[in-house]
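Note sheet for the following structure.
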Amino acid sequence: MTIIPLVKYLEFTDFKAFDNNSYIVRDKQFTGRILYHNLEGEFVNGWVYKNGEITHFLKRVQPNEDPVIFLKSSRSLDCQKSKLNQALSEFIHEGCMQVALYNHSESKGITFANTESITSASLKEERFHAWQDAYYEGGIAQYAKVGKVNIEFEAKVFKDIIESPNHSCCWAFMEANDFPENLSTEYSLWIYDIRESIITLQDTDYQKWLNFFNQHNTIYYSPMQDNLSTPKVIKSLMNQSDCY
Amino acid sequence: MKKFVFAIFMLVQFLLGQIYGQKFTDRVFNVEVRESVSSGTYINYSDRDRDKYRTSPKFTSNERSARDNVNFRFNSISKKDSIERTLFKAEELDTLKRGIAICQIHIPSGKIVSVSFALQNYVDINKLKRFKNEIETNLYLEVELYGNLEKEGYLLQSFPIFVSRRRK
């Protein structure tokens, strides 16, 4: 990670700009750029900050591609950019796994249905789907019918476990039809145990909850895909981060 | 001697029967010892009013679920810790394992209207009733809405309890 403070921020901090900025923490007044490179030293992505707020996202681009604006919409509006910047800022300051997910260089693009859906909460799930799309050979579009439930459940579990142990829980079964109260409680207990690293994410537990998810979440119901029955993408992110 | 061993065996069976699957109904809670699908045994103190608050909120954008239209922020952690420390002695909190409070949240206000508990230790039920009352009166979740709310309703959220001493 490279921190490039602007001169005015250097002066503001009495030339101690690096004392209050680290991999996870940013000073509320930070103005400048943060760049990330891979182990080969190649630029991966970065952020432009002004007074602690993200104003632009930087990414590696193809020739002739705009290096800053990455909203691809028929009408890319200022309010969309503003909402996205706010969502990005909230997202990367939420916690360790959020940073790990966001710094992942292999993720592809993400799509929002409309301006209202550009939020830090939806960004979490959509960014994860983008990483699934890059991770699973052939992408996730092939699972639109068979395996849809596997893809969706992994994203829901990820969203639930990456929150801090003090954060409220959970989303996966929030609107499940006729979901027994005891199972809802037990899912929360399982998630908190993983958040606190009391237990690790076991494939057998995951598969039990995946089956319940398919039974009770009618909007995500699909035939299951056998090779997606374990949380490969979650585990890959966990292993590559220092969060657990 | 055989009679004595048999009597001890029967007593142990009786006591085990008292623990696992034990169920009783209180004025406020239905209490039940349950075996979890993923991990060990826990004691469930289910709010008897919980079923009054089952209706999910409805949004005008039908294609998106309530889950996609709502986000929660639980910013009352220090207040919750303070309530815990008022109701439970430090020695008690040191022995209690982390449990969870399971709350029905009114959308859009964020008010907590019902509280149940899932715990790993037995806790004085009168203290739990006071805890429930304090949570409902003093805590709330900040609710962010991303869609147009058509009809108010309730969503479920949990948060951890008996962790205040660990954070100190």
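Just so it is clear, none of the values below were taken in a lab; they were calculated from the coordinates. From a predicted model like this one, the values you see are computed outputs, not experimental measurements. Quick reminder, even Gly has a Cβ in these numbers, built from the backbone with ideal geometry, and neighbours come from all protein chains shown.
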Exposure proxy check on A:237, A:35: fewest-to-most Cβ neighbours within 10 Å is A:35, A:237
Over every pair of different alpha-carbon atoms in region A:141-240, take the mean of 1/r and invert it; report that Kirkwood radius in Å.
13.8 Å
Name the shape class, rounded, prolate or oblate, that the alpha-carbon gyration tensor gives for region B:48-167, where a ≥ b ≥ c are the square roots of its eigenvalues, rounded holds for a/c under 1.5, and otherwise prolate holds if a/b is larger than b/c and oblate otherwise.
prolate
Partner shielding of A:116-125, as the mean number of partner chain Cβ atoms within 10 Å, equals 4
Per-residue average of Cβ from other chains inside 10 Å of A:164-176
6
Neighbour-count ranking [beta-carbon atoms within 10 angstrom, fewest first] of A:212, B:131
A:212, B:131
Label-point separation in nm, residue B:78 to residue B:60, each point 7 Å along Cα→Cβ
3.9 nm
By count of other Cβ within 10 Å, fewest leading, how are A:230, B:137 ordered?
B:137, A:230
Please list, ordered by chain and number, the residues whose modelled amide H lies under 5 Å from the amide H of residue B:156; skip anything fewer than 5 residues away on the same chain.
B:105
Considering every residue in A:179-192, what mean count of other chain Cβ atoms within 10 Å of its Cβ is obtained?
6
